[in-house]
Every structure is written in structure tokens, then in C-alpha cells.
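Note sheet for the following structure.
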Amino acid sequence: MRFTCDTNELNASLSVVSRALAVRSPKPILEGILFESCDEGLRLTCTDLALGIETVIPAVFAEEGRVVLPGKLLCEIVRKLPADTVEFRISDRLQTTIRSASFRTTITGLDPVEYPELPGVEGQSFSMPQSMLRDMIGHTLFAIAVDESRPILTGCLLEIGADEMRVVALDGFRLAMRREAISGPAAGVSAVVGGKVLGDIAKILGDKEDDVELCFSRSHVKLDIGGTHIVARLLEGEFIHYRQILPQEWQTLVTINRTELASAIDRASLIAREGKSNLVRFRIDGEMMTVTSNSEMGDVEESISVTTEGKDLTIAFNIRYITDVLKAVADDEVAMRFNSNVSPCVICPTEGDSYLYLVLPVRVFGA
């Protein structure tokens, strides 16, 4: 096998496919990247069996062929190449010589016959803007469970209907949901994709309005983004029936400036983090919300003007859970709905229903 290609294009493609590179795998072949000639040019493939990524770049071949090259080392070499063009020569014994300007190195490849093929995916498919899917993932992924005792909660639920898509994540203490209008499959799809896999997918998706095509089978999802194809294994099991835990009524409704609340909580965290509980308290009294925190080091208190409907209330939360929500929201104002100081708080738009975040409070004396 012998070919030349653009160094920058190769480097960019390696950055994409290497997100599926296995680390310390019992199968050493999975720690490599498959190089193979095809009609479109040079195809690069990488998989750790849970996630597989394939992309194609232009290349000029003097000899066609296939080889698996050590992924981590190759990425580091290509990243530091001195010229715009790089040449690869692979011998019959898989010795690979890489040349760029006056630079030369030789690395040992692996036999590609053992490299697994990416699973074929056939089923319900639809398209949506890349930026929309990326944002839906990014604004919910923080709420997945990190505890492996309930593996299904370490992923996000994707619910796709004929005219709407939802992405839902929850970990037992909080829930995040994003909802967007799309043109989806008539039959509908419900699937759970692992959090790490979704995080890698979100980093590949661009901020453009160009579409990504998704196709779901019973065990996998495939995403086509231009010349890049991603195949991810779905998590097995039944996701929590989250609709049953969403409060339908509220006793207190607060409309508040998101930036002011986020800044007040950020200042309160300076004291709260010195304690063991990392708590923030909200005291709602008429048209005023007072944000407080305390620890062995001291205390802090700050008041914010709000619009209130319903009863006064004092309630406490883990600061990180509230902060994560406010970082995921871009609206100038948000609505906060409460029922009691031991019931979940719902954070949602003042108008519409494009997102919903639910956070469980912490029961504390005097709250």
C-alpha cells in the first residue's frame, strides 16, 4: 500500500475517528486505526465496539491496500509533521514508512484481517440540523448518572416522534429534558445512548445548520455527517418513566433573571464550598428571593427582585445541581415552580416548553 494525502486533512480526520479509539483493550487490534483505499479516497475507521467512526479523505494511491496502524502514536506523529503533504508506504510485512519533507519514521502495522467491521444499521431514519442535536445533547448530558449500579441511567433517552424530539437524562437527584420540533419518522423511536458516546458525538457535530441523518435499529444508532459515519451501540434496559415524576401543579411560581440568580449562587458558593454540604438556600418572601449559604468559615446573603405567584417558601439545594441547570439555559429569565420545601423544583421557560429541568431539594432544619 502506498499513498499521499494532505497533512491537515489527515490530522483533522484522525482527531475525529480517534474518539472511538479503545484504551488498554484486551484486543490490541482495537487500539489501532484501520487505513484502507476506497473509490472515494482513503477511508479511516476506528471502533471500541461501543462506538465506531468512519470517515473518508482525498488521497492519491500508487498502490492500494489495507493496514491497521497504532492509533495513539500515529495521531501524535501526524500532529507534528512539518509539511503540508505526507506519504505512507506499507510493505508486505506491514512495516509503515511515513515521510513528510525531510522527516521520516517507521512504525509497525497490524494485520487488518482481524479488525471488526462496523455493524450495519437499518431501520427508522430522519434528518435534523447538526447544531440542534449538539445543543440538545450538551444541555442534558450533565444530568446522567455516574453510578454504574443502574447502567441505563448512564445514558440519555432519545424519544423521536413524527413532529418532536426529546432528549432526557436523570440520575435520581435531577432531570434534564430538551424538546425540539422536527420532521421525524411516523412510527416513532425510543432509544438510550450511553453518555460517553453522546459526548463524543456532540464534539464531532458542527455548529452549522447542515443536517445530520440518524438511523435506528433495535441495537444501534447510525449518524451520517457528510463523509463521516458514526455507529453507536444502544444501552439495553428500560428507562425510567420520567413523565410520571414531572409535577403537573405548583404552589409557588417565581420568575427571575437568570444571570442575576447565577451570579448570586456563584458568590454564595464561595462560602458553601468550605462546608460539607455545599448547600444554597432560597427564601422566597413576596417579590424578593434571598439567596443564602453558610459553613464553618462564615455565611453569605444576597437578595434578588423576583415576580412571585403563590405562597412564600424556604428551600435548599445542592449548589452544583442548580448551577448546572443555569449554565445550560440561555434565556434572560426563567420560571421556577415549587410545591413544598421537600418537593422537586421545576425550572422551565417563562413561555413555551423547549426545556424542563427538575432538581430535588435537600431537607435541612429550618428550611
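Determine the distance separating the Cα centre of the range 96-133 from the Cα centre of the range 33-62; give it in Å without decimals.
What the calculation gives is 4 Å, centre to centre.
Among Val197, Ala186, Leu94, pick out the residue whose Cα is farthest towards the positive end of the charge dipole of the chain, where Lys and Arg carry +1 and Asp and Glu carry -1 on C-beta, about the Cα centre.
Farthest along the dipole direction, towards plus: Leu94.
Can you compute the modelled spin-label distance between Glu63 and Leu360, with each label point 7 Å from Cα toward Cβ, in nm?
It works out to 6.3 nm between the two label points.
Local charge sum around Asn339 (other residues, Cβ-Cβ under 12 Å, Lys/Arg +1, Asp/Glu -1)?
Once positives and negatives cancel, what remains is +1.
What order do you get for 152-159, 78-85, 11-18 when each peptide is scored by the mean count of other beta carbon atoms within 10 Å, highest first?
Top to bottom by mean Cβ count within 10 Å: 152-159, 11-18, 78-85.
For the range 173-178, just list the computed ³J(HN,Hα) in residue order, Karplus coefficients 6.51, -1.76 and 1.60, θ = phi - 60°, integers in Hz, with x standing in for Gly and Pro.
The phi angles translate into 10, 7, 9, 10, 9, 10 Hz.
What is the log10 of I(q)/I(0) for the range 2-114, computed with the Debye formula using one identical point scatterer on each Cα and no solvent, at q = 0.11, 0.13 Å⁻¹?
Each listed q corresponds, in turn, to -0.30, -0.43.
For the range 208-367, what's the radius of gyration and Dmax over Cα atoms, in angstrom?
Expressed in Å, the Cα Rg and Dmax of the range 208-367 come to 19.4, 59.
Per residue and in cubic angstrom, what volume does the convex hull of the Cα atoms of the chain have?
Taking the convex hull of the Cα positions in the chain, it is 171 Å³ per residue.
Mind jotting down the three principal axis lengths of the range 182-284 based on Cα atoms? Whole angstrom, largest first.
Taking the Cα atoms of the range 182-284, the three principal extents are 50, 32, 30 Å.
If you put +1 on each Lys and Arg Cβ and -1 on each Asp and Glu Cβ, how big is the dipole of the chain around its Cα centre, in Debye rounded to 20?
Details: 37 positive and 53 negative charges, 242 e Å.
In debye, rounded to 20, the chain gives about 1160.
Calculate the tail of P(r) for the range 43-84: the fraction of all Cα-Cα distances greater than 17 Å, expressed in %. Mind dumping the intermediate values first?
Working: 420 of 861 pairs.
Result: 49 percent of Cα pairs exceed 17 Å.
Using a Gaussian network model on the chain with a 10 Å cutoff between Cα atoms, which of Ala101, Ala262, Ala22 fluctuates the most?
Ala101
Taking the mean number of other Cβ atoms within 10 Å as a proxy for protection, how do you rank 321-332, 106-117 from highest to lowest?
Ranked from most to least packed, the peptides come out as 321-332, 106-117.
Could you give the length gained on full extension between Asp92 and Asp211, defined as 0.36 nm per residue of separation minus the Cα-Cα distance, in nm?
The span from Asp92 to Asp211 would gain 38.7 nm if fully extended.
Putting +1 on Lys and Arg Cβ atoms and -1 on Asp and Glu Cβ atoms, find which of Ile57, Ile77, Ala12 reaches farthest to the positive end of the dipole of the chain.
Value: Ile77.
Which whole-Hz ³J(HN,Hα) couplings does the range 163-168 yield from phi under the Karplus relation 6.51 cos²θ - 1.76 cosθ + 1.60, θ = phi - 60°, glycine and proline marked x?
Working through the residues one at a time gives 9, 8, 10, 10, 10, 10 Hz.
Normalised by the residues of the range 101-217, what does the relative contact order come to in percent, with Cα pairs under 8 Å and at least six apart?
Relative contact order here is 35 percent.
Which value in Å is the Kirkwood Rh of the range 124-243 over different Cα pairs?
Over the range 124-243, the inverse of the mean reciprocal pair distance is 14.2 Å.
Mean Kyte-Doolittle of at least -1.0 plus a Cα span of 20 Å or more along the axis: flag which DSSP H helices in the chain meet both, please.
Span-like helices here: 258-272.
Compute, for the range 2-114, the length of the dipole vector about the Cα centre, with Cβ point charges of +1 (Lys, Arg) and -1 (Asp, Glu) only. Units Debye, rounded to 20.
In debye, rounded to 20, the range 2-114 gives about 500.
Bear in mind these aren't lab numbers, they're just calculated from the coordinates by the rules spelled out. No experiment lies behind these values; they were computed from the predicted model shown. Glycine also receives a Cβ, built like all others from the backbone with ideal geometry; neighbour counts cover every protein chain displayed.
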